[in-house]
Amino acid sequence: MTILVYEFDWPDRVVVGTVGLPGSRTFYLQARTGGRTTSVALEKEQSAILAEMIDRLLDELMTSDDRLTIPAEAPAELLDDEPLEQPVEEDFRAGSMRLGWDPRTAQLVIEAFPVDEEPSDAAADTDDAAADTDEADVEPDDDEAEPSEMLLVRIPVGTARAFAHRARRVVAAGRPACPDCGMPMDDDGHECAADAGA
């Protein structure tokens, strides 16, 4: 099976954003280079975990490699508060995601794969095969089940900090949490789990 790779190396923009009102928002990981944009739908929890993992990886790199200059906070000039590129057209819904580090280019690598399609080692090697094209069809090396498409984004450390900062803010901008049970509350309230246990 061929793999359609939506590849962005040093993209002009990469952000997490939403479409819809709190309580019914759809989250997207969106990357853009020039006039080419890819939008991958995420769960809210995936967005939060991705931001957390990026910050954790950058913090580990700060302490383990003194040759790298990694900002402890998101650089102000890289913060992006603009809405998603319109129109938002979903390329696929992310199931599994992977986060890595490319020491050759000092870039964070984000990979997203469609729901119900698990990546294999062959899919992880597509970044080298697709390096010379914007969107590349890559033939896997073996007959194992491969994802039909994937998003591959490489970003420098400052952009990664800014990406994580925005993702956390987008996640937090949803419905307020109930002070008793922690679940999201709608404008008209909610059935509190704490009340049910009383």
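Any read-out appearing in this document is the output of simple, stated calculations on the displayed coordinates, not a laboratory observation. Just so you know, these numbers come straight off a predicted model, no measurement behind them. No Cβ is skipped: glycine too gets one built from the backbone with ideal geometry, and neighbour counts run over all protein chains shown.
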Taking the Cβ of L42 as the centre, find all other residues whose Cβ is under 11 Å away and add up their charges (Lys, Arg: +1; Asp, Glu: -1).
0
Kindly rank 54-66, 19-31, 152-164 from highest to lowest mean number of other beta carbons found within 10 Å of each residue.
152-164, 19-31, 54-66
